[in-house]
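Report on one structure; see the data block that follows.
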Amino acid sequence: MAGTLDDEQHQEGPESLPRRMPRGRRRLLLTVALSASVLLGALVLGFLGFVTNLPDKVAEPMRRTDAIVVLTGGSDRVSTGLRLLERGRASKLFVSGVYKGVDVSELLRVSQQAPRWLTCCVTLGYEAETTAGNAVESAHWVQSQNFQSVRLVTAAYHMPRSLLEFRRRMPQVEIVPHPVFPEHVKQDEWWRWPGSAHLLIDEYGKYLVARVRALIVGPLQAAGVNG
């Protein structure tokens, strides 16, 4: 029996223990883990800065510009743009990303409060399907009208990315932001509202992609819509 026990202990000796991970591999894994932690921390801090710096008011509500550009995507945007046009903040209004088949009369009817005389001053764009496409489509129109300043109307959470795309496509045109504040987006306490948190995180991701693309490509002239 003693001989058998000694044989079993011998078989379970150093040869059967797991080998220690090579030092080079341990350093690599440590570097990867550290880099991932730094990247995650940077993303979290960047997101918090993004949300904190979202506009919470209209900075220059009374200023007049050559034109108003509205990006579709929320009912408040179009009605705000029409109201600004009615109050004389600009002489022309361009609505980008409109569904095909919708005309100016239908747009005014849906907006209800907009008077019919605004029909002559509103132009609709039907080609854009993305924010970058909005910028291209709007740039074509702005350049065709020789306008030098534009009031940009979109949701507050969408404004950073919109300004980035518009300024890339129209570097010589002054873009004045005019954010609107949808009731369903809780900017102040977004962490308490899963829907708002998801929307803001998603928008931050899109903003980062647009920012990286802008750094790589640089300013652009208006080209193909959605290109």
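The values are calculated or read from the model by the stated rules, or taken from the named source; none is laboratory data. Given the structure is predicted, the values throughout are model-derived calculations rather than measurements. Here Cβ is always computed from backbone atoms with ideal geometry, including for glycine, and neighbour counts include all displayed protein chains. To get the accessible areas, we keep the full protein, side chains included, count just its heavy atoms, and leave off ligands, DNA and RNA. Shrake-Rupley method; radii C 1.70, N 1.55, O 1.52, S 1.80 Å.
How many residues are under 18 Å from the mean Cα position of the chain (by Cα), modelled with pLDDT of 90 or more and not in a helix (DSSP H, G or I) if we restrict to the stretch 59-91?
4
Being open to solvent by 10 Å² or more (accessible area, probe 1.4 Å) and out of contact with any strand residue (DSSP E or B) (no Cβ under 7 Å at 6 or more places or on another chain) narrows it down to one of Q187, Q148, so name that one.
Numbers: Q148 fails: out of contact with any strand residue (DSSP E or B) (no Cβ under 7 Å at 6 or more places or on another chain).
Answer to the check: Q187.
Could you look through the stretch 133-145, keep only residues that are farther than 30 Å from A197 by Cα and small (G, A, S), and pick out the one that is surrounded by the most Cβ atoms within 10 Å (Cβ to Cβ)?
Among those residues, the one meeting the criterion is A139.
Is there any pair with a first residue in the stretch 173-191 that is closer than 23 Å to M62 by Cβ and a second that is among the charged types (D, E, K, R) and in a strand (DSSP E or B) whose Cβ atoms are under 9 Å apart and which are 6 or more apart or on different chains, and what are they?
As it stands, the answer is I175/R151; V176/R151; P177/R151; H178/R151, since those pairs meet every condition given.
Within the stretch 165-184, can you find the residues that are open to solvent by less than 30 Å² (accessible area, probe 1.4 Å) and either over 17 Å from T131 (Cβ atoms) or not in a loop (DSSP other than H, G, I, E, B) (or both)? First the steps, then the outcome.
Of all residues in the stretch 165-184, those open to solvent by less than 30 Å² (accessible area, probe 1.4 Å) come to 165-166, 168-170, 173, 175-176, 178-180, 182.
Hits for the stretch 165-184 are E165, F166, R168, R169, I175, V176, H178, P179, V180.
Inspect all residues belonging to the stretch 100-119 and state whether any of them is assigned to a loop (DSSP other than H, G, I, E, B), open to solvent by 30 Å² or more (accessible area, probe 1.4 Å) and in contact with a Lys or Arg (Cβ under 6 Å, 6 or more places away or on another chain).
Checked against the condition, which is being assigned to a loop (DSSP other than H, G, I, E, B), open to solvent by 30 Å² or more (accessible area, probe 1.4 Å) and in contact with a Lys or Arg (Cβ under 6 Å, 6 or more places away or on another chain), the stretch 100-119 yields no hits at all.
Does S162 meet the test of being under 30 Å from A197 (Cβ atoms), assigned to a helix (DSSP H, G or I) and open to solvent by less than 10 Å² (accessible area, probe 1.4 Å)? Give the derivation first.
Numbers: under 30 Å from A197 (Cβ atoms): yes; assigned to a helix (DSSP H, G or I): yes; open to solvent by less than 10 Å² (accessible area, probe 1.4 Å): yes.
Here the answer is yes, as S162 does meet what is asked.
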